[in-house]
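A.B. asks: Before we start, here is the structure in question, set down as structure tokens.
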Amino acid sequence: MKVLLVEDEPDLGVQVSRALTAAGHVVELRRDGTAALAALKVEHFEALVLDVNLPGCSGLDVLQVAHALRPRPVVLLLTARAEVGDRVAGLNAGADDYLTKPFAMAELLARVSSMGRRGQGGAAESVLPGGSLRLDAQRRRVTLGGQSIALSPREFDLLAIFMQAPGRVFSRDELCERIWERSHDYDTRTVEIYIMRLRKKLDGPGAPTIETVRGCGYTMKLPCGGPGG
């Protein structure tokens with residue numbers, strides 16, 4: 001993948017750039033938010049590895065611009081462990097994943113690789129119906145009432161899990177394991193943010209609802225007449 005790395009710590013930036021390059025990625029390194037915005041205007045990147053606290057303008061400002069691009073790059077945020085508010089704000093703004101500093105380089109490479117697979121799509125699957133909501137797993141496209149819905153890779157994967165088993169209750173821990181594919185330090189707030197984002201985007205006639213099952217997790221309830229309805 002072509003990766004824009006935005007990190008103002010000189011040593012860390014060089015280390016991450018070398019590791020990503022050794023893993024087969026093409027990397028552009030920028031050290032402040034203003035330079036990152038300039039790069040996004042003239043080049044297309046498939047992924048961003050983005051520090052939140054940057055000189056020039058913040059990583060969240062860069063994320064806002066990146067989220068509006070089409071095609072949209074997947075975004076991994078780098079934050080200090082204490083910056084819970086920044087992580088929540090970043091996920092709400094459309095980031096696909098986050099990693100807290102200090103981190104193991106192997107984990108960063110795994111996260112970037114996982115985001116790349118999700119952004120490019122997986123193996124061919126049939127279109128999954130759910131009332132007027134349709135999910136095409138091969139093209140990674142979702143429509144509601146014939147209108148396309150823009151979902152991030154994480155949102156798409158989360159919706160696919162629910163639509164493959166409507167009516168089943170999924171715990172937060174299971175959703176984390178299936179979406180992020182490994183054990184890590186995500187708190188339950190991460191899942192709640194993605195559920196909230198999906199609920200907002202699935203707001204329309206004939207759309208399923210994602211309901212909270214108190215003390216257990218979440219389930220998808222399809223409209224009357226749909227599978228499982």
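A.B. asks: Here is a list of conditions, (1) under 24 Å from ARG178 (Cα atoms); (2) out of contact with any strand residue (DSSP E or B) (no Cβ under 9 Å at 6 or more places or on another chain), and GLU46 meets all of them except one; can you say which number that is?
C.D. replies: In the conditions (1) under 24 Å from ARG178 (Cα atoms); (2) out of contact with any strand residue (DSSP E or B) (no Cβ under 9 Å at 6 or more places or on another chain), GLU46 misses (2) alone.
A.B. asks: Tell me, which residue of the stretch 90-113 that is of a type in the set (A, V, I, L, M) and either surrounded by 19 or more Cβ atoms within 10 Å (Cβ to Cβ) or over 27 Å from GLN15 (Cβ atoms) (or both) is modelled with the lowest pLDDT?
C.D. replies: LEU91
A.B. asks: Let me ask something additional. Being out of contact with any strand residue (DSSP E or B) (no Cβ under 8 Å at 6 or more places or on another chain) and acidic (Asp, Glu) is the filter; apply it to the stretch 167-190 and report the residue that is modelled with the highest pLDDT.
C.D. replies: In this case the residue turns out to be ASP173.
A.B. asks: Another question, if that's okay. Name the residues in the stretch 114-157 that are outside any strand (DSSP E or B), at pLDDT 75 or above and surrounded by fewer than 16 Cβ atoms within 10 Å (Cβ to Cβ), would you?
C.D. replies: Across the stretch 114-157, the qualifying residues are GLY145, GLY146, ALA150.
A.B. asks: On to the next question. If we only count strands (runs of 3 or more DSSP E) wholly inside the stretch 1-104, which ones have 3 or more residues that are of a type in the set (A, V, I, L, M, F, W, C)?
C.D. replies: 2-6, 26-30, 47-51, 74-80
A.B. asks: Return the total of residues in the stretch 214-229 being of a type outside the set (A, V, I, L, M, F, W, C), modelled with pLDDT of 70 or more and touching a strand residue (DSSP E or B) at 6+ places or on another chain (Cβ under 6 Å).
C.D. replies: Going through the stretch 214-229 one residue at a time, the tally reaches 4.
A.B. asks: Without any contact (Cβ under 8 Å) to a residue 60 or more places away in the chain and either of a type in the set (Lys, Arg) or over 24 Å from LEU158 (Cβ atoms) (or both), is that true of ALA38?
C.D. replies: The answer is yes for ALA38.
A.B. asks: Counting just the residues of the stretch 191-213 that are more than 19 Å from the chain's Cα centre (by Cα) and modelled with pLDDT of 90 or more, which one comes out farthest from LEU91 (Cα to Cα)?
C.D. replies: Among those residues, the one meeting the criterion is VAL213.
A.B. asks: In the stretch 158-169, which residue that is in a loop (DSSP other than H, G, I, E, B) and not basic (Lys, Arg) is surrounded by the most Cβ atoms within 10 Å (Cβ to Cβ)?
C.D. replies: Taking the candidates together, the pick is PRO166.
The values are calculated or read from the model by the stated rules, or taken from the named source; none is laboratory data. Just so it is clear, the model here is predicted, and its values are computed rather than measured. Reconstructed Cβ throughout: ideal geometry from the backbone, glycine too, with neighbour counts over all protein chains shown.
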